[in-house]
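Reading through the structure tokens given below for one structure.
Please treat every number below as a calculation from the coordinates, not as lab data. Bear in mind the structure is a predicted one, so any value in this text is a computation, not a measurement. Methodologically, a virtual Cβ is constructed for each residue, glycine included, from the backbone with ideal geometry; neighbour enumeration extends over all protein chains shown.
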Amino acid sequence: MKSQQTLFVCEFITGGGFVGAALPESLAQEGMLMRDALLRDLDQLEGWQLVTTYDSRVSPVHAKVRSIAVDGHCDVWEIWRECMAEADAVWVVAPETDGILYQLAEMAHSLQVRWIGPVPEAIRVTSQKHLTAQVLGRANLPVIPTYFFSEWIPDANPAWVVKPNDGAGCASTYVFNQMAALETWFTQDKQRQQTHVIQPYISGKPASICVLGLKDEVVVLSCNLQWMLLQDGKLSYTGGRINGASAYWPQLKLLANDIKAAVPGLIGYFGVDLLLDTQTARGVTIVEVNPRLTTSYVHLHQAIGCNPAAMVMDAMLAPTFSMPDIKREQIEFYV
């Protein structure tokens, strides 16, 4: 084995995914926070040379990381392919939208380079909200019923949520209180009937878990509360409190194990968005599974008192893995 191995780290938004197009300011800011937090943690590992790309319109990372600038004159996917081909392992942070994360995972696997994260098939399943709901529902897990417009049967539910089937986070997520308005929204642009899904609006406390998937089990790294803003019919994510939902830890660990059993290949880091409801028998409802780094990662090292990237790398690459003791500090943040 080489004395020093190469790890290619690709954060899609700041790493060139928008070259030749306008760079979304809020997404770029969030992507940069995740990129910098991940590279800061990975920089503490011995024996690894870190390589990344960055859009020339954003700040490069610190000098210890080999950073390759890209712009609108570059074929960024070819540059990523070359970086992967020269690397021993690849860690990608990218949205599920348009199959981007899945395509990058397939690229890494075609080059036979070690992929740090869930396997491509697990990414494919969890990148589609309709398919995720079907798979988890067949496993008798508590998931929100999810329909395409052609399947949806109006009922007495007081409100409905509409979101892209392959969306990331709260992007283009709307709440409709009137059935007629929802139907009009879908009939105005019939393409939406293939790209968006409908879910009943379910009350509850928005939450999430950060999970490390091992071969046969999971480790829950944190149980978090999420802050959501509903304004003018649009739902937005505004931040949260890491470990604000620690009281639910035993229940959420069991649920995370069940999710991993239902979706083979959920290894490495993944996140689960949830609704907590202590007022009814429902208890916990799964909103979606994120097969990638999530925004909560930015503050995870501080909250658990140890290096989460080191744990992921050890779990996926080392011959044996020993879980360190982790703290459950609460950290509030806003995006």
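Can you give the log10 of the normalised intensity I(q)/I(0) at q = 0.10, 0.12, 0.14, 0.16 Å⁻¹, computed with Debye over equal Cα scatterers of the chain?
Debye curve over Cα of the chain, log10 I(q)/I(0) at q = 0.10, 0.12, 0.14, 0.16 Å⁻¹: -0.59, -0.85, -1.17, -1.50.
Which of the GluC sites (Glu not before Pro) across segment 73-148 are loop residues per DSSP, with 13 or fewer other Cβ within 10 Å?
Glu86
Please report Met34, Met228 as a ranked list, fewest other C-beta atoms within 10 angstrom at the top and most at the bottom.
Ascending Cβ contact count within 10 Å gives the list Met228, Met34.
Counting only DSSP beta bridges with both residues in the chain, tell me the antiparallel percent, nearest 5.
Antiparallel bridges make up about 70 percent of those DSSP assigns within the chain.
Suppose each label sits 7 Å from its Cα in the direction of the beta carbon; what would the Trp77-Thr195 distance come out to in nanometres?
1.8
Enumerate by residue number the trypsin sites (Lys or Arg not before Pro) in segment 42-81 meeting two conditions: DSSP loop (anything except H, G, I, E, B), and at most 13 other Cβ atoms within 10 Å of the site's Cβ.
Passing sites in segment 42-81 are Lys64.
Using the Cα centre as the reference, give the magnitude of the dipole from point charges on the C-beta atoms of segment 5-116 (Lys, Arg: +1; Asp, Glu: -1; all else neutral), rounded to the nearest 20 debye.
220
Work from the charge dipole of the chain (Cβ charges, +1 for Lys and Arg, -1 for Asp and Glu, about the Cα centre) and give the residue of Ile68, Pro164, Gln191 farthest towards its positive end.
Pro164
What whole number of Å gives the distance from the Cα centroid of segment 22-74 to the Cα centroid of segment 230-283?
That distance is 28 Å.
Convert 37 °C to kelvin, take the viscosity as 0.692 mPa s, use the Kirkwood radius over C-alpha pairs of segment 96-220 as Rh, and evaluate the Stokes-Einstein diffusion coefficient in µm²/s, rounded to a whole number.
Stokes-Einstein gives a translational diffusion coefficient of 200 µm²/s.
Kindly express, to the nearest 10 degrees and within the range 0 to 90, the angle between helix 76-85's C-alpha long axis and the longest C-alpha principal axis of the chain.
Here the helix axis deviates by roughly 60 degrees.
To two decimal places, what compactness ratio does segment 160-200 give when its Cα radius of gyration is scaled by 2.2 N^0.38 Å?
1.07
Specify the residue with the greatest mean-square fluctuation among Asn224, Asn257, Asn177, computed from a Gaussian network of the chain linking alpha-carbon atoms under 10 Å apart.
Most flexible of the set in this elastic network: Asn177.
Rounded to the nearest 20 Debye, what is the dipole magnitude of the chain about its Cα centre when Lys and Arg each give +1 and Asp and Glu each give -1 at the C-beta?
So the magnitude is around 500 debye.
Ratio to report: Rg/Rh of segment 164-260, with Cα atoms as the point set and Rh obtained by the Kirkwood method; give two decimals.
1.06
To the nearest 10 degrees, how steep is helix 179-188 against the longest Cα principal axis of the chain, on a 0 to 90 scale?
Approximately 60 degrees, to the nearest 10.
Using Cβ counts within 10 Å as a stand-in for footprinting exposure, how do Val9, Val220 rank, fewest first?
Val220, Val9
What is the mean projected area of the alpha carbon convex hull for segment 5-116, to one decimal in square nanometres?
6.4
With unit charges on the beta carbon (Lys/Arg positive, Asp/Glu negative), name the residue among Ala261, Pro120, Pro250 whose Cα is farthest towards the positive pole of the charge dipole of the chain.
Pro250
Taking neighbour Cβ counts within 10 Å as the exposure measure, how do Ser3, Ser127, Ser172 sort from fewest upward?
Ordered from fewest to most neighbouring Cβ atoms within 10 Å, Ser3, Ser127, Ser172 come out as Ser3, Ser172, Ser127.
Tell me, what is the percent relative contact order of the chain, built from C-alpha pairs under 8 Å that lie six or more residues apart?
Across the chain, relative contact order equals 17 percent.
Restricting to DSSP loop positions (anything but H, G, I, E, B) with no more than 16 other Cβ atoms inside 10 Å of their own Cβ, which GluC sites (Glu not before Pro) remain in segment 144-219?
Counting only loop positions with at most 16 other Cβ atoms within 10 Å, the GluC sites (Glu not before Pro) in segment 144-219 are Glu151, Glu217.
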